[in-house]
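Notes follow the structure.
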Amino acid sequence: MKTVKLLLLAGSCLVSFALPGQKRVPHPFTHRAEASKEGRLQVLAEVRYPNTTFLRLYFKGTQLGETSYLLLEGADGAQQVLRRGDLENWKFSSAYFNGTTVKVSLFAAAGEKNLVNLSEAMITDEEAERARKARKAAQPAETASRASSREVLSTASDLTETHPHAKAVGRFTNGVEAGGTGWIAPNGAIVTENVGGGAYDVIEFNVPASIGTTVQHPAPEDQYPLNYGHTAKGTHKFVFEGEGWVSKVIWGVVEALPNGTGLRPGERQQEYFRIAKNPSNYILDDLEDAGVDLFHYGTFNGPVLEGNLNFKNLQLTHTTLQKQNNSLRYDLPYASDDRDLFVVYSTNFLAAGAPVVYEGSNVAIGIHSRSNEGNNPSVGPGFRSDGFRNGVARFFTEKSAYLDWNGVSNQPNGQIDKPYLTVQQAAQHAPTDYTVYIARGTYPGAVTFNRPLTLRAPVGLVKIGANQVVGRQAAGPTIPPHWLEGAPSPSFEDQSAEERRVGASPNPFRDEVTINYEVSRKGPVSVAVFNGGGAEVARLVSGEAEAGPHTVRWGGTDRTGAPVAPGLYFVRVNTGSQTLTTKVLKQ
């Protein structure tokens, strides 16, 4: 590497324009590189602001050759490569870098002219940040009303290990603030609440722990620019019982562009959330405990998380669905939409855009929009809404079909909530010129396509034509079939956990849980524990068993005897003729 004279550029404090807690300052620097006979990497400048917590650079007017690129290096070793197309995606800016310094280098490819124009830097606005924190500190604490007894906060650093699909949850940011939650749909689109755009033009995944109230950014390869020129959005109206005015919830979808890696979030994270219609009030009438998970990033250091240094990190909240008719008035067709289009539950967290997911699965049935207010519960739009569901499904093209070997419905028709289960089904039934979005996984059997179709793999690696594959493992074992349209399904259990003749106590547990199960006739039996991602954690029983009741204890350890992390686990009893399943929560 050849190094040219290093320019140390300490920034001025003239504000170009300001955002809460941050500011963009002029930072003029220009470098022209004439064409050379061989490529070379040159260090151009080191940008330093001693009092900032992060840096983002702007390169308005930069012109790179076709194979030339910029290399940005942060003080913590983070790197970002920006080629011509990357600069366009980032609107001639960089990702966020933690710390006070970024080194800027240029790789000038042989025979290419380059113009590097460093125009501005975004840094922490200390005065605005102090004022912002003072305003929040002066805000009166909210009271926790209608809080669910099942609501639990999880800030475990291994949340994505116990719930791998949590890797599909991202945080919008403007540099110093967390601006809500977005998550990856089966087609790679980002689903959230509000797509108003503005300063929150980056979504981040694999977010590291905050330091106090200071946001820490992940590596640049886990940050993605957003295209607010390509969005979908909608509104649903409702009226709370006892109120005479109309309230609203909103949903939105936005495109995340490839970053310097050339990948979009789904392609890099290799995780996503499936889509299913939320249960109607009629279905909820028959349920005692319709548990759901919310994965979200906090936006403010509010009363629930006061003093928690991880408030801007990924959170997991467990809660329970409530009957829509108990809280929402029937006021059709003028003041409100059909009550079944909403998901209703209880949470006090500011979790805008969080997926509302069947507990222990990656099946999203809606998003969070409004938290508890007074005596009113939380409300969000559900995927029973055709507008919302189709807004996601047809985001990239109207002619969209879906394929998922582990889809949640055994009545596949290619729709996002009822995807084809095999490649052969897609080849036979997907209409001509459709785009088929294939979920990650290995698909068995050879296939022949006899008409034009576009195949895309937006959420991970896809292998087609394998001779042997792991049996289909749909999300059903954790979801009673009557929650899902298209039930009953042989992929799902026919009874609720209480009816499956298997139970656990104490539950939740800390040190040890006792599993009680019943065997209908003598034969081979296995009892195993699985995590939320479907991976076997421990095998408790494997052998012959007599007919009748049985008991086994689990001490909360894995196969090696090491304690497992706190969280939700699934105990499955396989008798050969049927599978019995129950949930246990380790505290």
Cα Rg over Rh - the range 7-127, Kirkwood: 0.98
For the range 339-433: rounded, prolate or oblate by the Cα gyration tensor [a/c cutoff 1.5]: prolate
The range 153-388 - Kirkwood radius from inverse mean 1/r over Cα pairs (Å): 17.9 Å
Stokes-Einstein D in µm²/s, Kirkwood radius over Cα pairs - the range 170-235 at 10 °C with 1.306 mPa s viscosity: 127 µm²/s
Kirkwood-based shape ratio for the range 498-586, expressed as Rg/Rh from alpha carbons: 0.94
Approximate spin-label separation A35-Y228, in nm, with each point projected 7 Å along Cα-to-Cβ: 4.0 nm
Förster radius 35 Å - calculated FRET efficiency between D386 and Q424 (Cβ-Cβ, nearest 0.05): 0.80
Simple label model, 7 Å out from Cα along Cβ direction - E241 to R84, nm: 6.3 nm
Extension gain (nm, one decimal) between Q415 and N516, 0.36 nm per residue minus Cα-Cα: 32.4 nm
Cβ-derived FRET efficiency at R0 35 Å, V447 paired with Q587, nearest 0.05: 0.15
Packing-based ranking, highest mean first, of 98-110, 428-440, 241-253, 339-351 given that Cβ atoms within 10 Å are counted: 339-351, 98-110, 428-440, 241-253
Peptide ranges 411-417, 73-79 listed from the most packed, as the mean C-beta count within 10 angstrom indicates: 411-417, 73-79
Label-reachable residues, the range 68-97, where backbone N falls under 17 Å from a point 7 Å from N117's Cα toward its Cβ: 70, 84-85, 87-94
Pairwise FRET efficiency - N206 versus R456, Cβ, R0 = 25 Å, nearest 0.05: 0.60
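Coordinate-derived values only; no laboratory data. All values reported here derive from a predicted model rather than from experimental measurement. Here Cβ is always computed from backbone atoms with ideal geometry, including for glycine, and neighbour counts include all displayed protein chains.
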